[in-house]
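Heads up: the structure comes next, in structure tokens.
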Amino acid sequence: TLLVVHSSVGSIPPVTMPSVAVKAYAAVVYVYFFWVFCCLMAFLCELSVRVPELGAVFPYNINAGAADGVTLGPIATDVALMSVFVVQHLIMARGFFKRMYFSALPEDSERATFVLAASLSLHLLFHFWVPINHVIVSIPMLDVPALVVFTVGVLFVLAATFSLDHFELFGLRQAFFGVSKEIHFQSSGLYKFVRHPIMTGFFVTFWCTAHVTCGHLLFASYMSVFILLTVKFLEEPDLRRELGPKYDQYMETTPSYCPMNIFGGGKKKSA
């Protein structure tokens with residue numbers, strides 16, 4: 001998410017709400033989001049097994065349960081749960097939804113509502129996830145190194161949100177200071193090295209494990225494909241329309257996800 005755009009839609013004035021209510025709403029949503037984010041990381045690294053004492057706070061585990069067979073039922077359930085998250089993102093990020101939202105609710109609460117819906121869809125995924133524990137690859141000696149790299153990925157995601165604007169990205173800045181009418185283009189910090197560092201960090205957390213089950217592979221594959229397709233066919237075309245040649249040049253000189261340009265994207269031009 002390189003570009004954060006907030007603009008009034010048409011001439012429809014937003015319905016006003018006491019600012020203290022919007023601030024309280026955004027603050028509560030942020031706390032809930034952060035817990036869900038921690039649950040996602042715990043879900044992927046099986047934290048409740050590694051540190052049982054934290055299981056009461058972060059109870060979700062991608063491989064929790066005794067099921068071992070690969071059958072259509074669990075696969076269909078898990079794909080449906082991930083699809084709820086995908087559909088929520090695809091609908092709520094589009095202009096038609098924002099126009100409907102702004103006609104009924106305060107503009108400065110829109111981002112917090114998006115974050116709330118995304119957090120709820122992830123929480124739903126964790127709660128109803130059906131484990132598919134058939135082991136594809138397990139290399140115990142790599143468990144600690146994989147966990148270290150996973151942790152780096154988590155920190156990379158968080159650092160990338162602050163390279164952008166962490167509090168605007170999750171709706172706090174809008175609720176407390178109002179909606180900015182400016183278009184923010186970020187090409188410094190981690191964005192100097194890759195165009196989508198938040199997604200880079202997520203790729204690391206999805207794939208970095210020494211114990212690959214069918215369920216983990218399904219989650220990592222589905223979410224990775226969603227990110228790649230959304231960025232290629234929705235996010236970057238929007239950015240090019242909004243920013244024009246500036247973003248075209250940025251694409252030419254900055255890789256998409258990997259600083260070493262392993263997966264294509266921009267290529268540094270020699271002087």
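FYI, it's all coordinate maths here, none of it is from the lab. Please read all numbers here as calculations on a predicted model, not as lab measurements. Cβ placement follows ideal geometry from the backbone for every residue including glycine, while neighbour counts extend to all protein chains displayed.
In the Gaussian network model of the chain, springs joining C-alpha atoms below 10 Å, which of His196, His127, His216 carries the largest mean-square fluctuation?
Highest fluctuation of the listed residues: His127.
Once fully extended, how much extra length lies between Ala56 and Tyr32, figured as 0.36 nm per residue of separation less the alpha-carbon to alpha-carbon distance?
7.1 nm
Give me the mean projected area, in nm² to one decimal, of the convex hull enclosing the Cα positions of region 116-271.
Averaging across all directions leaves 11.6 nm² for the Cα convex hull.
So for the chain, taking the charge dipole from beta-carbon charges (+1 Lys/Arg, -1 Asp/Glu), which of Tyr247, Ala117, Ser224 sits furthest toward the positive end?
Tyr247
Using only the Cα atoms, work out Rg/Rh for the chain, with Rh taken as the Kirkwood radius, to two decimals.
With Rh from the inverse mean 1/r over Cα pairs, Rg/Rh is 0.98.
Mind telling me which of Ser180, Ser119, Ser109 comes out most flexible in a GNM of the chain, alpha-carbon contacts under 10 Å?
Of Ser180, Ser119, Ser109, the most mobile in the Gaussian network model is Ser180.
Return the long-range amide H neighbours of Thr213 (sequence gap of 5 or more, or a different chain), with a cut-off of under 5 Å between placed amide H atoms.
Long-range HN contacts for Thr213: Ile136.
Given the rule -39500 (n - 2.57) for each run of at least 4 DSSP H residues, summed and divided by the residues of the chain, what is its mean residue ellipticity at 222 nm, to the nearest 500 deg cm²/dmol?
-18500 deg cm²/dmol
Pairing the Cα long axis of helix 143-164 with the longest principal axis of the chain, what angle in degrees results, from 0 to 90 and rounded to the nearest 10?
The two axes meet at around 0 degrees.
Kindly count the pairs of lysines across the chain whose alpha carbons are less than 18 Å apart, treating pairs on different chains or eight or more residues apart as eligible.
For the chain, qualifying lysine pairs total 10.
Once amide H atoms are placed 1.01 Å from N in the peptide plane, what residues at a sequence separation of 5 or more from Arg195, or on another chain, have their amide H within under 5 Å of its amide H?
Ser256, Tyr257
Can you give me the distance in nm between label points at Cys258 and Val84, each placed 7 Å from the Cα along the Cα-to-Cβ direction?
3.4 nm
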